[in-house]
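Values quoted throughout were computed directly from the atomic coordinates according to the rules given, and no laboratory measurement underlies them. Predicted model, so just to flag it, every value in this text is computed and none were measured. With ideal geometry, Cβ positions are generated from the backbone for all residues, glycine too; neighbour counts draw on all protein chains shown.
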Amino acid sequence: MEKCKIESKKVSVFYNDKRALNEITLSIPEKKVTSLIGPSGCGKSTFLRCINRMNDTIDGCKMVGKILIDGENIYEKSLDPVLLRARVGMVFQKPNPFPKSIFDNVAYGPKIHGLTQSSDELEELVEQSLRRAGLFTEIKDRINEPGTSLSGGQQQRLCIARALSVNPEVILMDEPCSALDPIATAKIEELIDDLKKSYTIVIVTHSMAQAVRVSQKTGFFHLGKIIEVDTTEKIFKNPANKMTQDYITGRFG
């Protein structure tokens, strides 16, 4: 029996009067990759942002329902969203390195959260995070150059290293390859495959082929609802719902 890491119970999200998500119930297994697929504007990214409370920062956005991580409701008043976002890292669609050196991009989180006691320890943590993100060997002689001087694919891996540096349990990825070329995409996918040994990963993707390649579980969203969720293999080979079938065979989307 797989262990559930994140559980969403009847989660609805409203932007002022507009309902963006409609009673999403979904369990996300630990140390596996779960992909969320569906047409643009169907609520995938909104749901992803519920898991680290990024929607809290949007005016007029209200969430009802529950999201539990390891059985704990992350919307409890007593829970500090800043600490939650250290546990739940996020990688965005467009690489967004800080306008700082490669080293400082990765060192930023550990410094804020006081994770290291000395500069040697910080250096070790930065190197380890860059290695985990498959970037260290490519940039080790350029570590003091700006993060923005890297190629797009390297910038995205730098953002992954930055997320890893605070030792999260969960990594959320919102279309992490949509701005990248096929070679950079392949590197990120390899990395995702490797990272799932240590982290629970949730990825929003427009690419069905990517969902098939990287994930073990898939949820299909449409118009703010979750239509079907199952193993990735079942969703793509033998979906239970005709709408899922129509979407993955390209009849709409």
*What lysines sit close enough to Lys18 to cross-link, taking a C-alpha to C-alpha distance under 19 Å and skipping anything fewer than 8 places away on the same chain?*
Lys10, Lys44, Lys62, Lys225
*Helix 152-164 sits at what angle to the longest principal axis of the chain, using alpha carbons and giving 0 to 90 degrees rounded to 10?*
90
_Separation of alpha-carbon centers, segment 95-130 and segment 17-63, rounded to whole Å_ = 29
*Springs between alpha-carbon atoms under 10 Å, Gaussian network over the chain: tell me which of Ile67, Ile112, Ile139 tops the mean-square fluctuations.*
Ile112
*Taking only Cα atoms, what is the 0 to 90° angle, nearest 10, from helix 182-195's long axis to the longest principal axis of the chain?*
90
*Taking the alpha-carbon centroid of each part, what is the distance from segment 145-188 to segment 235-249 in angstrom?*
30
*Rank by packing, highest mean first: peptides 202-210, 224-232, 114-122, 240-248, with packing defined as the count of other Cβ atoms within 10 Å averaged across residues.*
202-210, 224-232, 240-248, 114-122
*Calculated [θ] (222 nm, deg cm²/dmol) that DSSP helices of n ≥ 4 give over the chain, each run adding -39,500 (n - 2.57)*: -10000 deg cm²/dmol
_As an exercise, use a Förster radius of 22 Å and the Cβ-Cβ distance of Glu190 and Gln93 to find the FRET efficiency, rounded to the nearest 0.05._
0.70
*Name the residue farthest towards the positive end of the dipole of segment 1-144 from the options Ile24, Leu125, Gly109, assuming +1 on Cβ of Lys and Arg, -1 on Cβ of Asp and Glu, about the Cα centre.*
Ile24
*When only Cα pairs under 8 Å and 6 or more residues apart are kept, what is the percent relative contact order across segment 1-59?*
28
*Can you work out ³J(HN,Hα) from phi for every residue in segment 78-93, in order, using Karplus 6.51 cos²θ - 1.76 cosθ + 1.60 and θ = phi - 60°, giving whole Hz and x for Gly and Pro?*
6, 8, 7, x, 5, 5, 4, 6, 6, 6, 10, x, 9, 10, 8, 4
_Gain on full stretching of the segment that runs from Glu123 to Ile58 - 0.36 nm per residue minus C-alpha separation_ = 19.9 nm
*Relative contact order computed over the chain (Cα-Cα under 8 Å; 6+ residues apart), in percent*: 27
*Of all DSSP beta bridges in segment 98-230, what percent run antiparallel (nearest 5)?*
55
*Determine the dipole magnitude for segment 122-253: charges of +1 sit on the beta-carbon of Lys and Arg, -1 on that of Asp and Glu, nothing else is charged, the reference point is the Cα centre, and the result goes in debye to the nearest 20.*
440
*How far, in degrees from 0 to 90, does helix 119-132 lean away from the longest principal axis of the Cα atoms of the chain, to the nearest 10?*
40
*13 Å reach of a label modelled at Thr148, 7 Å along Cα-to-Cβ, counting backbone N of segment 79-119*: 96-102
